[in-house]
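Here the structure is laid out as structure tokens; the discussion comes afterwards.
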Amino acid sequence: MALPARIFPVMDAGLETRGSEADTLRRARRGDAAAFERLYREHAPAIYTLAIRLTGNQTAAEDIVQDTFLRMFGFLSGLRDDAPLRPWLKRVASNLAIDRIRREHRYGSDESLWMLESTDASRDDAADADALLRRLPPQARTLMWLHEVEGWSHAELAKRFKRSESWSKSILSRALARLREDMDTGTDDA
């Protein structure tokens, strides 16, 4: 997947390439713009990939990347030097994606979750995991990815979506059944 150039601009070749992440964080806290740029360049592609998988929308993913790094910038003093930055960034991005999905689907019922989403995925690429995930509605796709790939528990998902654990389990079960059905039939029908 090609990353949008407008959110991953080419930085100066003079950007420091040595040093640990902890050193880079310390320099960023002191206002070193090159250090902040380095953190951005190192982590933004992974955050974008997560955001696009959760939302299925390039514009939303770009917004989430921007908001994630704005939050990091505002929270630099609270970040620990001895802990890796990427898990924190991924958690922030995931929470931003969940907030966005909850806002966009505020008035929808759980049954509307299962209306077939329009997708650019064709029958030829139905076996491709990304194409299959894009077939799921945003909320189901997000639950699936966070639980199965990022390792969130049903309790964490329920708390974050302000629902019950059984809701999370039910959505995940239906999403897995839907993906199995799509893989078996290779059709666009539910």
Test: Leu133 is at pLDDT below 50 and either of a type in the set (Ser, Thr, Tyr) or surrounded by 13 or more Cβ atoms within 10 Å (Cβ to Cβ) (or both): no
Check on Arg123, at pLDDT 85 or above and farther than 20 Å from Ala51 by Cβ: no
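For (1) closer than 20 Å to Ala93 by Cβ; (2) in contact (Cβ under 8 Å) with a residue 40 or more places away in the chain; (3) not aromatic (Phe, Trp, Tyr), each residue gets a yes or a no:
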{"site": "Thr142", "(1), (2), (3)": "yes, yes, yes"}
{"site": "Glu150", "(1), (2), (3)": "yes, yes, yes"}
{"site": "Ile171", "(1), (2), (3)": "no, yes, yes"}
{"site": "Ala177", "(1), (2), (3)": "no, no, yes"}
{"site": "Met183", "(1), (2), (3)": "no, yes, yes"}
Lone unmet requirement of (1) crowded, with 19+ Cβ neighbours inside 10 Å; (2) under 15 Å from Thr24 (Cβ atoms); (3) of a type outside the set (Asp, Glu) for Ile64: (2)
Being within 23 Å of Gln58 (Cβ to Cβ) and assigned to a loop (DSSP other than H, G, I, E, B), is that true of even one residue in region 145-160? yes
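The values are calculated or read from the model by the stated rules, or taken from the named source; none is laboratory data. In this text, all values refer to a predicted model and were calculated from it rather than measured experimentally. All Cβ positions, glycine included, derive from the backbone under ideal geometry; neighbour counts span all protein chains shown.
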